[in-house]
1. How compact and how long is region 447-590, expressed as Rg and Dmax of its alpha-carbon atoms in Å?
2. Which entries in the list 60/334; 148/512; 54/535 go over 18 Å, if you measure between the two C-alpha atoms of each?
3. Percent of accessible area on the chain owned by carbon and sulfur, 1.4 Å probe?
4. Dividing the Cα radius of gyration by the Kirkwood radius, what Rg/Rh value follows for region 264-409?
5. Which of the chymotrypsin sites (Phe, Trp or Tyr not before Pro) found in region 261-322 are loop residues per DSSP with 16 or fewer other Cβ atoms within 10 Å of their Cβ?
6. Express the accessible area of the chain per residue in Å², computed with a 1.4 Å probe while the remaining protein chains stay in the model.
7. How large is the convex hull of the Cα atoms of the chain per residue, expressed in Å³ as a whole number?
8. Of all trypsin sites (Lys or Arg not before Pro) in region 161-266, which ones are in loop regions per DSSP and have a Cβ with at most 14 other Cβ atoms within 10 Å?
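The values are calculated or read from the model by the stated rules, or taken from the named source; none is laboratory data. All figures in this text were calculated on a predicted structure; none of them were measured in a lab. Every residue, glycine among them, receives a Cβ derived from its backbone with ideal geometry; neighbour counts consider all protein chains shown. Heavy atoms of the whole protein, side chains included, go into the accessibility calculation; ligands, DNA and RNA do not. Shrake-Rupley method; radii C 1.70, N 1.55, O 1.52, S 1.80 Å.
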Amino acid sequence: MGKLAVLLILMMLCGVGLNAGMKYDSILINTSAQNNSDIKPIANNITLHISDFKTSLFEKHTLSIWIESLDKDTGGVIVNGVDTRNPFTPFTWDWGDGSIDDGFFPQNHTYIDRTRNYILKVISNYADGSADRAEVLIRFVPPKVDFKPLSSNVSVIIPNYMITLKSRLPGYRIPKLTYFDDSFFNVVNRTVVEYVLSIASEIQMDFANNDVYLINESFMQYLLRDVHFGGGYTLWYTDPIAFAMGDCMMRKSIPWSSLFHEMGHDVTLNSPANYFYGGKIDGNANAIFSESMAQIFQHSTAYEIINNAKVYGLSEDLVFEIKQSAISSIMMVKNAYEEYINSGMVFSSWNDPVTERDETFNTFMTLAYKFFEHAEKSGLGYRMPLKRMMMLLQTFCEEDKERYSQFENSPEAENFRATLMVTALSFAFEEDLREEFKRLNFPVDDKIYDELINRIKDTLMTNNLPSKPIVSGSNDGHKNISYTYTIVSVDLDNDSLQYFIDWGDGSNYTSKFIDGNTSLTVNHTWDRAGRYIVKVKAFDNETFSANSSYIVYIDSLEVDDIGYLIDIDSNGIYDRFHNKSSGLESNVGYKNGEYLIDGDGDNIWDYSFSEYSGLVKHVENRERKHTPSFEIILMLLATIFTLIWYVNKKK
């Protein structure tokens, strides 16, 4: 019993020492008469996961991994990789099934449950404390999709039969093509690929403001097979509209980003409907428009699909593959931009036919990179800026065609091509980007820039803006519950309206065009506690309304004007406090319906708050975290030695 008493006292002493760094322990120590279980300190953090390309665009990565072999019968997988930093510390392998190992390349693992898929995460650990990370999908079963209804006149078809194409333009030939048989769809079946590409087609048509040349009032695209080609290409000029891929592109996995790229060509070269770019910019000067826009369309499409996966019923593994495909291709854009910078920033919009290298490559990739950079850093996302960019480009006319000069190069033609694209980017982000591109040696002509900007402004002035949308619905609720919202805007021209909703959690919703002055009803579910600012805009196919903002509290509670409390686990007790002014989150204490709040993160209770009275006041006699005083420690040590002496004496 004596030894047990000594052990208990030692445990008490250690416990006090371990907990002394947590600010709520001062309450446990100094108010010993109170029931400690009444006070709940929480240490969880809230993170909103918004998928973007910031890491790929703005950070340097040296780690890459790939699957060397996968046996779906035994579950055995071998993964290899490389890190050009050559770290000495073994890599961390999180296999996604609960197993975590350390080791160098290659590594093997056996999955027991082969009825699901896994995401393997490999982390490089460097001597300076930094890290890099790479992921790969380990697929055992096909993706599952909850198919949603899509537009009947905008879709992609992957036929399993021969299709006859006709050229809509003289001199534009039809290559020898066939169809993809079922052997190309062993992993992701044909219906799923068609569904995802049809989603992409709807998104891209919206990017183009639906101002696209239609055949029989529809925009149907066919994906066809070119057995003699190693890549992909557009057949924007055919009836029906089509695009083609070579066998090597489709055999191992679905090249989602490349498919979105060729579809982007189909859309942008068939826009605007009454005077489309296709046939007017083709030739040695085509790339500054056609390739820039295809790059922008393909990655903007991936961004929209990834961030709206739930809307479309796409499974996590399928979305992961789409994102990895887009990351791989956007890294090529980044590398080309860096090469443009490092090689002296040589602008070129003319691909000289007598040279082997395409002189325009780094130039059009720089334009695409700058779109992505501004989309990510401005916080505007991809869809709205791209729609605005297309609005300006869709003012293209006969005079512009002559100045573009598709068959002959000149300094004047270079100036116009560069200025057209820079003006479109400036209008996209509502920011004059001339100086930025002049520093990149783009020959921007100020007079042409002003002309193009004024032209789009004149176009918009003839149209009445839709009114600022009115949003109605619940402004508080709980996570994982669907809530219904009604949105309405008034258009004096009685135009059809389209609504753009940013739900504040990284997901977005874009409606189809509906009759003007009628309301839109839409549902949304938040999966994390927090305070969300829902932003809504209306669009009449020419101009945007002002933004409406609607605040929704999901398992959270406003605390006057200083911030809000967050109930992370939805148990009715708030666990964290978010400071409005600083953005900091901190723990809270809770007792008998009253919360103790550390507003500035200094480990001192600054406020007490009662959710019943709604009052906020400074806490009197505020408690500070502390370590037990030297006197207390001496007293405990004396007690321990006394007990040891007593035990020994009894012996």
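1. 19.3, 65
2. 54/535
3. Accessible surface attributable to carbon and sulfur in the chain totals 53 percent.
4. Across region 264-409, the Cα-based Rg/Rh ratio is 1.00.
5. Here the sparse-neighbourhood loop sites are 275.
6. 47 Å²
7. Output value, Cα hull per residue: 221 Å³.
8. Those satisfying the criteria are 173, 176, 251, 252.
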